[in-house]
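The values are calculated or read from the model by the stated rules, or taken from the named source; none is laboratory data. Quick caveat, the model's predicted, so the values are computed rather than measured. Note that we place each Cβ from the backbone using ideal geometry, even for glycine, and neighbour counts take in every protein chain shown.
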Amino acid sequence: MHVVVVGCGRVGSGLARTLEESGHTVAVVDRRSKAFERLPEGFSGKTILGVGFDRDRLKAAGIEEASALAAVTNGDNSNILVARVARETYGIERVVARIYDPGRAAIYQRLGIATVATAPWATDQAMRRLVPHQTKAEWLDATGSVAILERQLPVAWVGQPLSDLDQSGRWRIALLNRAGAASVPESGFLGQEGDIVTFAVQRDAIEDLDARLAETNGKGH
């Protein structure tokens, strides 16, 4: 898929490298030409000079063909503006914004925009939101047969009972993160935009779980 990365600092350049190594096409937008020096030698993606919320710059980066966008500049306001343009103007479902202020992060989670912090694992957390099916398990048991996986709830599952996602003997929801607060979901909980769901899943059922999440009507009918 094609991914637009806005911001070419440590996180943005690392994310661009990881995405390209994973087989995706990438375009990186930054207002400073010197920032592109952070990209690895041989980087084959596009580099677009300009501010990330400029729609002409976003179009030059291929936003209209993109499946995901990461806004990872060093400014909260810029990142959230870019993220909202991507979601509301171009209809991109997988959008991540890097947010420095934890108080703001909870607000944006309620808007359905995944956020990552400024810690060193920000690149890994962004990858988990942009291409969840390619990320590694959070945890494997000693036999390697059961995994713990984190997935962002797809839009198609918003308003659907989260219990419909469970499949006895194969996977089960272990944890729900909603607007920055974690809980074990009760029976009857409905999915909300921005939910992050953690599953306990048989390792040989991971692909089936991802296929279930990808069902466009949220119920498979």
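If you go through the range 155-178 one residue at a time, how many are hydrophobic (A, V, I, L, M, F, W, C), outside any helix (DSSP H, G or I) and under 11 Å from GLY191 (Cα atoms)?
Selection size over the range 155-178: 2.
Counting only residues that are under 21 Å from GLY180 (Cα atoms) and of a type in the set (A, V, I, L, M, F, W, C), give me the strands (runs of 3 or more DSSP E) lying completely in the range 24-108 with at least 2 of them.
Output list reads 68-71, 94-98.
Being in a helix (DSSP H, G or I), aliphatic (A, V, I, L, M), at pLDDT 90 or above and out of contact with any His (no Cβ under 7 Å at 6 or more places or on another chain): is that true of LEU19 here?
So LEU19 passes the test.
For the range 40-65, name all the residues that are among the hydrophobic types (A, V, I, L, M, F, W, C) and buried (at least 21 other Cβ atoms within 10 Å of the Cβ).
ILE48, PHE53, LEU58, ALA61, ILE63
Given the structure, is VAL4 hydrophobic (A, V, I, L, M, F, W, C) and surrounded by fewer than 21 Cβ atoms within 10 Å (Cβ to Cβ)?
Taking the combined requirement at face value, the residue does not satisfy it.
Out of (1) surrounded by fewer than 18 Cβ atoms within 10 Å (Cβ to Cβ); (2) modelled with pLDDT of 70 or more, the odd one out for ILE107 is which?
Among (1) surrounded by fewer than 18 Cβ atoms within 10 Å (Cβ to Cβ); (2) modelled with pLDDT of 70 or more, ILE107 violates only (2).
Looking at this structure, is VAL201 over 24 Å from ARG84 (Cβ atoms), crowded, with 16+ Cβ neighbours inside 10 Å and at pLDDT 90 or above?
Yes.
For the condition small (Gly, Ala, Ser), buried (at least 23 other Cβ atoms within 10 Å of the Cβ) and within 15 Å of the chain's Cα centre (by Cα), what is the one hit in ALA16, ALA27?
Of the residues listed, the single one that is small (Gly, Ala, Ser), buried (at least 23 other Cβ atoms within 10 Å of the Cβ) and within 15 Å of the chain's Cα centre (by Cα) is ALA16.
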